[in-house]
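**Student:** One structure coming up, written as structure tokens, with questions to follow.
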Amino acid sequence: MADRTAFPVQLVQPDGRRVYRPDWEPLVSDVGPDLLADLYEDMVVARRIDTEATALQRQGQLGIWAPLLGQEAAQVGSAHALHPDDYVFTSYREHAVAYCRGVDPAVLTRMWRGCAYSGWDPATVNTTNPAIVVGTQGLHATGYALGVRLDGAEIATIVYFGDGATSQGDLSEALVFASSFDAPVVFFCQNNQWAISAPVHVQSPYPIAARAAGFGMPAVQVDGNDVLAVLAVTRQAVRRAREGGGPSFVEAITYRMGPHTTSDDPTRYRTAADTAVWAARDPIDRMRRLLDREGLFDDALTTRVQARADAVAARLRESTLAMPDPGPDALFDHVYATDHPLIAEERAGYRAYLDGFTEEAGS
């Protein structure tokens with residue numbers, strides 16, 4: 001098996017120039033002007049979603065938010081490689097993936113505002129809600145992938161996680177299980193260089209993708225700020241899964257430009273110089289330069305993309321502010337699929353406890 005982790009796959013340089021790779025070019029040969037514009041639009045909209053949600057959190061309207069700033073190409077490129085019937089297991093930062101899969105921006109912030117346990121029905125878009133516990137989604141994705149293979153469904157499952165999650169035992173168990181049973185799952189690592197304040201070299205002194213060989217599956221490292229390269233690499237992995245080839249591992253090299261979450265202060269563990277290096281590799285700027293070089297970036301595209309971003313941001317903000325607060329009883333909803341006497345007893349006890357405060361206020 002050829003070592004595809006030595007140099008990240010790149011099809012577009014930061015200055016917008018194409019890189020000809022005969023081994024990867026066929027996988028994006030269908031990407032013409034319209035799809036290039038769509039990829040650019042989705043990245044711009046994803047960044048606007050992120051900006052609006054971050055602002056809402058700073059204004060006290062969200063409890064917390066996990067920014068994706070800088071990782072737009074990794075998420076949009078991989079999401080565009082998926083088929084509608086493929087199933088997506090996310091971590092907590094894949095807002096762009098959710099948007100590309102058809103999640104209504106109006107529900108993206110429901111969980112982060114504390115109004116609901118989740119944002120959307122996963123069955124409607126074949127995409128899970130955010131998974132806050134690091135690494136668990138790897139096991140969920142592998143189990144689902146094996147189940148659909150046993151059912152005879154020819155689909156792929158993809159699971160997203162960060163570099164920090166590769167230090168979790170859950171993910172190693174998922175990789176072992178997927179390889180042993182040829183589960184059709186794509187492990188997609190967004191290596192954004194930081195697991196909160198721990199740099200990636202603490203997670204692994206070697207490329208994370210190189211670990212896949214020990215689990216018996218192919219891996220590839222890709223420039224995660226190059227949306228075309230991410231699209232090509234993910235398409236190959238998805239095709240392998242759908243055609244019965246088993247699991248694959250993709251490591252997208254990118255950078256978290258903002259904080260880990262809005263409760264984090266990245267200036268405490270990294271310098272402005274570190275961030276400046278990656279700002280020069282900005283995925284949206286790169287795509288804009290490619291479009292400009294190929295004569296596709298004009299006023300009409302700018303107006304269209306700006307209008308779409310404005311509309312999505314307005315819908316996200318308006319819907320967030322209009323979300324009703326759940327009542328105290330909601331704490332006990334959906335603990336079990338059916339009524340349960342213990343939950344009924346605890347609900348009644350909690351109501352009595354709250355009623356006690358009302359009586360004290362009345363007296």
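**Student:** Grab the DSSP H runs of the chain that are 4 residues or longer, score each as -39,500 (n - 2.57), total them, divide by all residues and round the 222 nm result to the nearest 500 deg cm²/dmol. Mind showing how you got there, number by number?
**Tutor:** Details: 13 runs with 162 residues, N = 363.
Here the helix-only value at 222 nm equals -14000 deg cm²/dmol.
**Student:** How much of the pair distance distribution for segment 100-251 lies past 18 Å, counting alpha-carbon pairs only, in percent?
**Tutor:** Values: 6843 of 11476 pairs.
Distances greater than 18 Å cover 60 percent of the Cα pairs.
**Student:** Right, next: Grab the beta carbon distance between THR275 and THR358, set R0 = 35 Å, and tell me the FRET efficiency rounded to 0.05.
**Tutor:** Numbers: r = 51 Å, r/R0 = 1.46.
Between THR275 and THR358 the formula returns 0.10.
**Student:** Also: With all distinct Cα pairs included, what does the Kirkwood hydrodynamic radius of segment 101-173 come out to in Å, to one decimal, could you say?
**Tutor:** Working: mean 1/r = 0.0724 Å⁻¹.
Result for segment 101-173 stands at 13.8 Å.
**Student:** Right, something else. Evaluate E = 1/(1 + (r/R0)^6) for ARG17 and THR51, where r is the Cβ-Cβ distance and R0 equals 25 Å; express this FRET efficiency to the nearest 0.05. The partial results should precede the final answer.
**Tutor:** Numbers: r = 28 Å, r/R0 = 1.13.
Calculated transfer efficiency: 0.30.
**Student:** Then there is this: If we count chymotrypsin sites (Phe, Trp or Tyr not before Pro) as exposed when they sit in a DSSP loop and have at most 13 other beta carbons within 10 Å, what is the longest stretch of the chain that avoids them all? Walk me through the numbers before you get to the answer.
**Tutor:** Details: sites that count: TYR20, TYR117, TYR336.
It works out to 118-335.
**Student:** Give me D for segment 283-363 in µm² s⁻¹, whole number, from Stokes-Einstein with Rh from the Kirkwood sum over alpha-carbon pairs, 37 °C and 0.692 mPa s. Show your work: numbers first, answer last.
**Tutor:** Numbers: Rh = 18.2 Å.
Stokes-Einstein gives a translational diffusion coefficient of 180 µm²/s.
**Student:** Any idea what the dipole of the chain comes to, in debye rounded to 20, about its Cα centre with Lys/Arg Cβ at +1 and Asp/Glu Cβ at -1?
**Tutor:** Values: 31 positive and 47 negative charges, 195 e Å.
Using Cβ point charges on Lys, Arg, Asp and Glu, the chain gives about 940 debye.
**Student:** If I model the chain as equal point scatterers sitting on the Cα atoms and use the Debye formula, what is log10 I(q)/I(0) at q = 0.06, 0.08, 0.09, 0.12 Å⁻¹?
**Tutor:** Taking Cα atoms of the chain as identical point scatterers yields -0.24, -0.42, -0.53, -0.91.
**Student:** Quick one: accessible area per residue over the chain, 1.4 Å probe, rounded to a whole number of Å²?
**Tutor:** About 45 Å² of surface per residue is accessible.
**Student:** Can I ask one more? Where both partners of a DSSP beta bridge lie in the chain, what percent of those bridges are antiparallel, to the nearest 5?
**Tutor:** Numbers: 3 of 25 bridges.
Of all bridge pairs located within the chain, approximately 10 percent are antiparallel.
**Student:** Per residue of segment 130-135, in order, report the coupling 6.51 cos²θ - 1.76 cosθ + 1.60 (Karplus, θ = phi - 60°) as ³J(HN,Hα) in whole Hz, putting x for Gly and Pro.
**Tutor:** 3J(HN,Hα) across segment 130-135, in whole Hz: x, 10, 7, 6, 5, x.
**Student:** I've got another one for you. Provide the descending list of Cα extents for segment 227-363 along its principal axes, expressed in whole angstroms.
**Tutor:** The Cα atoms of segment 227-363 stretch 74, 45, 39 Å along their principal axes.
**Student:** Leaving out ligands, DNA and RNA, what percent of the accessible area of the chain is carbon and sulfur, probe 1.4 Å?
**Tutor:** Values: 8950 of 16510 Å².
The nonpolar share, carbon plus sulfur, comes to 54 percent.
**Student:** Something else: Set the Förster radius R0 to 35 Å, insert the Cβ-Cβ distance between TYR206 and SER29 as r into 1/(1 + (r/R0)^6), and round the FRET efficiency to 0.05.
**Tutor:** Computed FRET efficiency for TYR206 and SER29: 0.60.
The values are calculated or read from the model by the stated rules, or taken from the named source; none is laboratory data. This is a predicted model, so every value here is computed, not measured. Glycine also receives a Cβ, built like all others from the backbone with ideal geometry; neighbour counts cover every protein chain displayed. To get the accessible areas, we keep the full protein, side chains included, count just its heavy atoms, and leave off ligands, DNA and RNA. Shrake-Rupley method; radii C 1.70, N 1.55, O 1.52, S 1.80 Å.
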